[in-house]
Amino acid sequence: MCKSCDQKSERLTRDGKSRRDFLRSGTIAAAAATPLAASVMNGSASAQTSGPADLSASNVQAWAAFDENGSFAPHTIPRRAAGAKDVVIDIMYSSICHSDIHTYKGDWGPANFPLVPGHEIVGRVVGVGADVVKFREGDIAGVGTIVDSCGECMNCKADREQNCLNGTTFTYGSPDKHLGGVTYGGYSKKIVVDEDYVLRIPPGMDLAGVAPMLCAGITTFSPIVHWDLKPGERFGVIGMGGLGHLAVKFAAAKGAEVVVFTTSEDKLEDAKAFGAKEAYLWSDEQAMASQMASFDLMLATVPVAFQMQQFLSMLKLDKTLVNVGALFPIEGAHGMMMGFGRQSLAGSMTGGIAETQRVIDFAERHGISAEYELITPDQIGEACKKVVNKQARYRYVIDMTSA
């Protein structure tokens, strides 16, 4: 990718092509062009000679939270029989997102227990329905935050399935249109998903490192694209955990001047290693004061509510702070001060399927991987506690192949 192409504004679809056509053609091209993909297809072909894949309904081993304290234990869940457009995936890696913790704690509303979280999923395709065109057995695929939507409303047609006007089906905790009850996520051994909601993982990527791209990655990448961060612009990242460290890497890859604000002293050097030019502690009053009116765009990734005005005051005139972390009532934003600088406080969350594919491809092109620690399923509960205590560096990824 040449520098001039890489600096062009990201677009959701190619001119004249739907999202599904774009993803379908990208999958076929990638499979035809790479030796590794060819070897995967050879493995797939040999697997197919041993007999057709089992597409029937099944009971699957999973790990579920049974209460608001995050008491995880083995649990058996149903997976539907694969329909004509469904992809059956043996899950290899599923990473822990703070959203999983918010959900079982009931921070966003009552949880449906037993709860099987997980929406950062990477695995191997072991079966495909008769009408599937994007994948074949043996391919590596990903599943993010969305597994279904109406496909017909204006938001879905604009590749904004996360904003489906008739109700997005999220990967876990949403009403299950097929089996009834609620959807179950990636803390499990297998998942069945319509191909339109499955992501292509380019050959050669670190599969455990790509899993966090499917929520943390798209959540931080989407505002960088939407607010059109340009090379040389000054970009502030507030909080550097599972989301923030990827925001640093993406913005640095786009040529922005990245500045990190953290409450953890041991993350200052990490921030610079990830591509930040500067990194400061919130408690450093002199450093904080020196940043006033200096940023073109800021991204808040902190997962709890906090006083935002000190960061809003760091924006230049007419610039924006985007909140993707604290999905609670906003604290400390002062209307008069925002009005004086005509600054904007905006919100963003996950992205649609096409944009999620785009962040995966961007990460592959720039050699970006999440920083992670592999754990086994029996360590999920303890890892969640460490996330809450800010001990993760920077994502816990569950190795489902070890179960």
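The values are calculated or read from the model by the stated rules, or taken from the named source; none is laboratory data. This is a predicted model, so every value here is computed, not measured. Here Cβ is always computed from backbone atoms with ideal geometry, including for glycine, and neighbour counts include all displayed protein chains.
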Can you report the number of residues in region 181-208 which are of a type in the set (Gly, Ala, Ser) and crowded, with 24+ Cβ neighbours inside 10 Å?
3
Within region 178-208, how many residues turn out to be of a type in the set (Ser, Thr, Tyr) and not in a loop (DSSP other than H, G, I, E, B)?
2
What are the residues in region 139-153 that are charged (D, E, K, R) and either surrounded by 24 or more Cβ atoms within 10 Å (Cβ to Cβ) or over 16 Å from Lys85 (Cβ atoms) (or both), if any?
Asp139
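I need the full set of residues from region 281-298 which are farther than 26 Å from Cys97 by Cβ and either part of a strand (DSSP E or B) or touching a Phe, Trp or Tyr at 6+ places or on another chain (Cβ under 7 Å) (or both), in order please. Write out each step before concluding.
Here is the first cut: in region 281-298, the residues farther than 26 Å from Cys97 by Cβ are 283-296.
The answer is Ala287, Met288, Phe295, Asp296.
Here's the yes/no breakdown for (1) part of a loop (DSSP other than H, G, I, E, B); (2) surrounded by fewer than 20 Cβ atoms within 10 Å (Cβ to Cβ); (3) among the small types (Gly, Ala, Ser):
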{"site": "Val210", "(1), (2), (3)": "no, no, no"}
{"site": "Ile218", "(1), (2), (3)": "no, no, no"}
{"site": "Ser222", "(1), (2), (3)": "no, no, yes"}
{"site": "Leu229", "(1), (2), (3)": "yes, no, no"}
{"site": "Gly232", "(1), (2), (3)": "yes, yes, yes"}
{"site": "Val237", "(1), (2), (3)": "no, no, no"}
{"site": "Gly242", "(1), (2), (3)": "yes, no, yes"}
{"site": "Phe261", "(1), (2), (3)": "no, no, no"}
{"site": "Asp266", "(1), (2), (3)": "no, yes, no"}
Just a yes or no: is a residue in region 72-94 touching a Cys at 6+ places or on another chain (Cβ under 6 Å) and in a loop (DSSP other than H, G, I, E, B)?
no
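Yes/no per residue for (1) closer than 23 Å to Leu115 by Cβ; (2) touching a Ser or Thr at 6+ places or on another chain (Cβ under 8 Å); (3) at pLDDT 95 or above:
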| residue | (1), (2), (3) |
| --- | --- |
| Ser344 | no, yes, yes |
| Gly347 | no, no, yes |
| Thr350 | yes, yes, yes |
| Ala354 | no, yes, yes |
| Arg358 | no, no, yes |
| Ile368 | no, no, yes |
| Pro377 | yes, yes, yes |
| Gly381 | yes, yes, yes |
| Lys386 | yes, no, yes |
Go through region 95-118 and report how many residues are in a loop (DSSP other than H, G, I, E, B), at pLDDT 95 or above and under 19 Å from the mean Cα position of the chain (by Cα).
5
Having 1 or more residues that are under 21 Å from the mean Cα position of the chain (by Cα) and within 30 Å of Pro74 (Cα to Cα) is the bar; report the strands (runs of 3 or more DSSP E) wholly within region 299-377 that clear it.
372-375
Collect the residues in region 97-120 that are of a type in the set (Val, Ile, Thr) and within 9 Å of Tyr187 (Cα to Cα), keeping them in residue-number order.
Val116
